[in-house]
Structure formats: C-alpha cells, structure tokens
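These notes concern the structure reproduced below.
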Amino acid sequence: LVTRMRDFGPTIFDEMSALARRTGAINLGQGFPDTDGPAEILEAARDAISSGYNQYSPLQGYPELREAIAEHQARFYGIDLDPDREVLVTVGATEAITTTVLALCEPGDEVVTFEPYYDSYAAAIALAGAKRRTSVLRFPDYAVDETSLRAAFSERTRLVLLNTPHNPTGKVFTRAELELVAALAREYDAWVVTDEVYEHLTFDGVRHLPMAGLPGMAHRTITISSGGKTFSTTGWKVGWLSGPEHLVTAARAVKQYLSYVGSGPFQPAIAKALRLGDDYYEQFRAGMQAKRDLLVRSLQETGLVVQRPAGTYFVLADVAPLGATDAVDFCWQMPELCGVVGVPVSVFHDDKEAARTLVRFAFCKQDDIMREAVRRLGTLQ
Ligand code: PMP
Ligand code: GLN
C-alpha cells in the first residue's frame, strides 16, 4: 500500500525479541530488564486493582500520578509544573512522542532530530506527514557537530525532537550541546520535544540536564518520560508529558483519540514509585553502572571496540573484528552463529554507513546471562 507508513515494517525490537524466542538465543537486543521493579511497587498495582482503579481514569491521568510527576520534576530539577494543566499521562513515552508530533506538526513541516534516532521518531514524523531532518552523531564519541546541526534547520523547522540520555548511543548531552540546540530552536522559533526516559540512568557522576530547565526554554519545551525504565516496569506502559498549558492541551486533543486513557491500576503504582526515596534512585543507578562496567569490560576482553556509555542501558560495539561486514545481516545470523541477539545500529540511521558494523547490546540483564553472552561472542574469533 502506498501510505505514509509504507517504509515501516515491524519494529526491530519486536523482530529481534521474536528471533530470540524462536531460537532460544540470549536476548541482549530489546531494552527491557530481565528482573522486575521494586516489590512494593508491584504490590501497589495489586492493591489498586483491589481498591477500585478498574474503570477509565480521567483523560489527563489520575490526579495522584500527575501530582507525583510534578513533584518529581521539582525535586530533581527545580522545574515547577501545575499538575492539572501542565501534565498529561500517556500510554508509555511512545504515545507521548507520537501524540506530541501529531499535535504540533502540519504536513510539510520539518522536524530536526539527531541520528541514530529511536525508531518511533521516524514513524511519528511520517504519520504527521512531516519531514525528518537529521544531524549525525558519530561513533565512538558522538559529539554534536554544530555545522551539520545548523544545516538541518530551515524556515520550515517546526520542532526539534531531542533524546537525552540518548538511545542507542548512551550519550548524555552536555550543557553546551543543549544550549546550542536551545539557541537554534529560539533562532528558528521551533518547539523542543525532549525524550528523557533514561533520565535516572547516568553514570560516573554525570547528571542528566533537562532541556526545560535551561533559561528561557520551559515555555517552548515538551518533556517526555516514562515509568518503564526508571522502575523496571516496561510492560506497564505508563508514560507522561509535561510543558506549557497550550502545548499540553494540543497534545491532549490528539491523545484522547489515540487511546483515550491507559491502564488505570498502574498509575497509582507509578505515583508511589516516583515518590520513592533517594536511596532507590541511587541504588538503581549504581546497580546499572556495575552492569555497564561488566558488559563493557568483557566485550573489550574479547577484542571488540566498545563505546563506554555515560547513560541509558545500552552499549555499542563494532563487530567488524568478529568478521561482520554488515551488522544487519550479522544480527540475523548471530543466534545461529553463537546464540546471542543484539540490535544493528544502522536501522536507526538514514546514513547507514555511519553505523555499518555497529551492534547495540543491552546491559539491563542478569550478570550471569551477560557473561555467558560475551563468552559465546568470544567463540566467533
Ligand atoms: N524513547 C526511548 C529513547 C526509548 O528507548 C523508549 C523505549 N522504552 C521509549 C521512548 C518508549 O518508552 P515506553 O516504553 O514508555 O513507551
Ligand atoms: N526502548 C526499547 C529499546 O530501545 C524497546 C522499546 C520497544 O520495543 N518499543 O530497546
């Protein structure tokens, strides 16, 4: 069919998880943890089912969740939000992204984003009939190239779709990089939509900086996050967006016809999760940093060139030393070759050459499983 979605097949994440299930290979592909989130949060969802959260929630989301989101933004970033007017609960960050792009873009508008980009960005932009303009981040340092970023902007730029900490590169944007994006957004009078789902996954003392916290940016920024990553509940699909009232209202107008509302009982549970003490957030971060170190070190020991991510739960490795010439083919063959699944990075690029032999491995997995996966990769040499 010749439709706006003609270029989109099944997402790589679903394909690679299906491949892992089919072959029994170790799944370091799709980014989801193989252990559940905190027991008290799981209990809170069960309690919610027992205490009447089983019908439609309000369109904006339950008030206790919106209040917890506003409190979270104030607590971690000093950002003030009115939970009734400036917060909208969505079905994961995915719906927040699609809703916002559909709400803010007209056909023919341009959306600036970095590549590699999270796959749903390309789809949301296509659904809106808008055009994607990208600036390439290059392995292994992934620094922003000002010239190419500037060249992506034009009179038709409607919004910038930013992601920090960044999937799949693990990059955490610096203040200077964010200020450059902000300055260009102001110069071209564009909105910024910022996907911050990995906001609590930054390592080595690096801290996440929200775009909405930069001077003069709150009124032109929609911030998106999700409980899935921070509380290891990816299947609950509780996400949210926040920003100035007129932008949130525009997003709500779209969201109500995509899903109306999401699953009710998970909302009070995520409200409780957001209010967990600092010790939860610090332990979560420290635990994931240790997993990053384990995966990076063991991949390096097998002779691979690996980028050490400052954030997210993904590591990129150049698999050329394992005999790969194209990571897409290699990832399809890996289960048979060595019983491991990873994700080829070129699927997140328009410029496929920028990532021809790069594979993304997720480290939100149990240590023994990661050790075994790397042992198996080592047998390819
Ligand atoms: N944005 C990024 C960068 C992601 O990695 C993901 C994957 N979880 C999402 C958005 C989607 O989040 P959710 O599962 O809450 O829809
Ligand atoms: N965000 C996860 C990843 O990058 C997957 C989410 C999804 O499958 N849609 O692997």
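The values are calculated or read from the model by the stated rules, or taken from the named source; none is laboratory data. Please read these numbers as outputs of a predicted model, since none were measured by experiment. Because the Cβ atoms are built from the backbone with ideal geometry, glycine has one as well, and the counts that use them run over all protein chains shown.
Could we say that residue 271 is closer than 30 Å to residue 60 by Cα and of a type in the set (Gly, Ala, Ser) here? In short, yes. Can you find even one residue in the stretch 81-93 that is in contact (Cβ under 8 Å) with a residue 60 or more places away in the chain and surrounded by fewer than 19 Cβ atoms within 10 Å (Cβ to Cβ)? The answer is yes, given that some residue of the stretch 81-93 is in contact (Cβ under 8 Å) with a residue 60 or more places away in the chain and surrounded by fewer than 19 Cβ atoms within 10 Å (Cβ to Cβ). Restricting attention to the stretch 55-86, the residues that are at positive phi and of a type in the set (Val, Ile, Thr) total 0.
With respect to residue 223, determine if the residue is β-branched (Val, Ile, Thr) and farther than 14 Å from residue 97 by Cβ. Quick ask: steps written out before the conclusion?
On the way: β-branched (Val, Ile, Thr): yes; farther than 14 Å from residue 97 by Cβ: no.
For residue 223, the condition - β-branched (Val, Ile, Thr) and farther than 14 Å from residue 97 by Cβ - is not met.
Going through (1) out of contact with any strand residue (DSSP E or B) (no Cβ under 6 Å at 6 or more places or on another chain); (2) in a helix (DSSP H, G or I); (3) within 19 Å of residue 40 (Cβ to Cβ) one by one, residue 254 falls short only on (3). When the stretch 212-250 is limited to residues that are within 11 Å of ligand 1 (Cβ to nearest atom) and of a type in the set (D, E, K, R), the one that is nearest to residue 80 (Cα to Cα) turns out to be 229.
Taking the stretch 106-124 as the range and being over 22 Å from residue 178 (Cα atoms) and over 15 Å from the mean Cα position of the chain (by Cα) as the test, the residues that pass are 106, 107, 108, 109. Scanning the stretch 183-199 for residues that are over 20 Å from the mean Cα position of the chain (by Cα), buried (at least 21 other Cβ atoms within 10 Å of the Cβ) and either outside the structural domain of residue 149 (by TED's automatic domain parsing) or not in a loop (DSSP other than H, G, I, E, B) (or both) yields a single hit, 185. Scanning the stretch 342-381 for residues being among the small types (Gly, Ala, Ser), buried (at least 21 other Cβ atoms within 10 Å of the Cβ), under 17 Å from residue 300 (Cβ atoms) and more than 16 Å from ligand 1 (Cβ to nearest atom) gives a total of 1.
When the stretch 1-53 is limited to residues that are within 24 Å of the chain's Cα centre (by Cα), among the charged types (D, E, K, R) and not in a loop (DSSP other than H, G, I, E, B), the one that is nearest to ligand 2 (Cβ to nearest atom) turns out to be 14.
Keeping to the stretch 176-199, report how many residues are of a type in the set (Phe, Trp, Tyr), over 29 Å from residue 291 (Cβ atoms) and touching a residue at least 40 places away in the same chain (Cβ under 8 Å). It would help to see each step written out before you state the result.
Our first condition is that a residue be of a type in the set (Phe, Trp, Tyr); within the stretch 176-199, this holds for 188, 191, 198.
Narrowing the set further to residues that are over 29 Å from residue 291 (Cβ atoms) leaves 188, 191.
From what is left, the residues that are touching a residue at least 40 places away in the same chain (Cβ under 8 Å) are 191.
Total meeting the criteria: 1.
Comparison of 287, 277 shows that the only residue that is out of contact with any helix residue (DSSP H, G or I) (no Cβ under 9 Å at 6 or more places or on another chain) and within 23 Å of residue 80 (Cβ to Cβ) is 277. Mind checking which residues of the stretch 29-42 are away from ligand 1 (no atom under 16 Å from the Cβ) and under 20 Å from residue 262 (Cβ atoms)? Passing the criteria: only 42.
When each of 285, 356 is tested for being over 25 Å from residue 37 (Cβ atoms) and either of a type in the set (Ser, Thr, Tyr) or modelled with pLDDT of 95 or more (or both), the lone residue that passes is 356.
For the stretch 54-74, which residues satisfy the criterion of being outside any loop (DSSP other than H, G, I, E, B) and either touching a residue at least 12 places away in the same chain (Cβ under 8 Å) or assigned by TED's automatic domain parsing to the domain that holds residue 343 (or both)? Answer for the stretch 54-74, where residues must be outside any loop (DSSP other than H, G, I, E, B) and either touching a residue at least 12 places away in the same chain (Cβ under 8 Å) or assigned by TED's automatic domain parsing to the domain that holds residue 343 (or both): 63, 64, 65, 66, 67, 68, 69, 70, 71, 72, 73. Within the stretch 200-235, the set of residues being surrounded by fewer than 24 Cβ atoms within 10 Å (Cβ to Cβ), among the hydrophobic types (A, V, I, L, M, F, W, C) and in contact (Cβ under 8 Å) with a residue 60 or more places away in the chain comprises 203, 206, 212, 218. Of all residues in the stretch 259-282, those that are in contact with a strand residue (DSSP E or B) (Cβ under 8 Å, 6 or more places away or on another chain) and over 24 Å from residue 33 (Cα atoms) total 2.
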